[in-house]
Amino acid sequence: MKKLRYSLLFILPLLVISFLLKSCIIQNPQPEECEVKEIVVAKIYEGGVKDIVFALENGDFYYINRGLEQGLTLEDMRAEVLNKKVTLHLAKTWTGTTNHIAQLALGEQVIFTEFN
């Protein structure tokens, strides 16, 4: 009985932590699950693991996860959206809105999307 109690004390927290981590992972975001935000892109650079980062003048930033592995380039992004107002769809999790870009559009032109 004592072993079972210790096992539960070890396993239960692991299950809770794994549930919380899984719910923070962004999987297949949809438009209705996103916050829409307009920003003016002040800087574009590589960050993380092949992420494309879009920074604002105030230092805030948003990113396309592994954008450089998806056929996008920093040069193309700079030519298209640098110093322009873009519309972002930012993925949400149970903890709030993330900086993960699910869709990036310039006017009516969708430049990048994860939506199916």
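Tabulated data for the structure shown
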item	result
Any hit, region 74-93, residues being in contact with a helix residue (DSSP H, G or I) (Cβ under 6 Å, 6 or more places away or on another chain), closer than 21 Å to residue 27 by Cβ and either modelled with pLDDT under 95 or basic (Lys, Arg) (or both)	yes
Extreme residue, modelled with the highest pLDDT, among residues of region 1-40 that are under 16 Å from the mean Cα position of the chain (by Cα) and assigned to a loop (DSSP other than H, G, I, E, B)	30
Residues located in region 80-109, provided they are surrounded by 14 or more Cβ atoms within 10 Å (Cβ to Cβ) and acidic (Asp, Glu)	80
Odd one out for residue 31, checked against (1) within 14 Å of residue 111 (Cβ to Cβ); (2) loosely packed, with under 13 Cβ neighbours inside 10 Å	(1)
Where a residue in region 61-89 is in contact (Cβ under 8 Å) with a residue 60 or more places away in the chain and its partner, wherever it lies, is among the polar types (S, T, N, Q) and part of a loop (DSSP other than H, G, I, E, B), with Cβ under 6 Å and at least six apart	none
Of all residues making up region 41-79, the number that are crowded, with 17+ Cβ neighbours inside 10 Å and either of a type in the set (S, T, N, Q) or over 12 Å from the mean Cα position of the chain (by Cα) (or both)	6
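The values are calculated or read from the model by the stated rules, or taken from the named source; none is laboratory data. Worth saying up front: this structure is predicted, and the values here are computed from it rather than measured. Here Cβ is always computed from backbone atoms with ideal geometry, including for glycine, and neighbour counts include all displayed protein chains.
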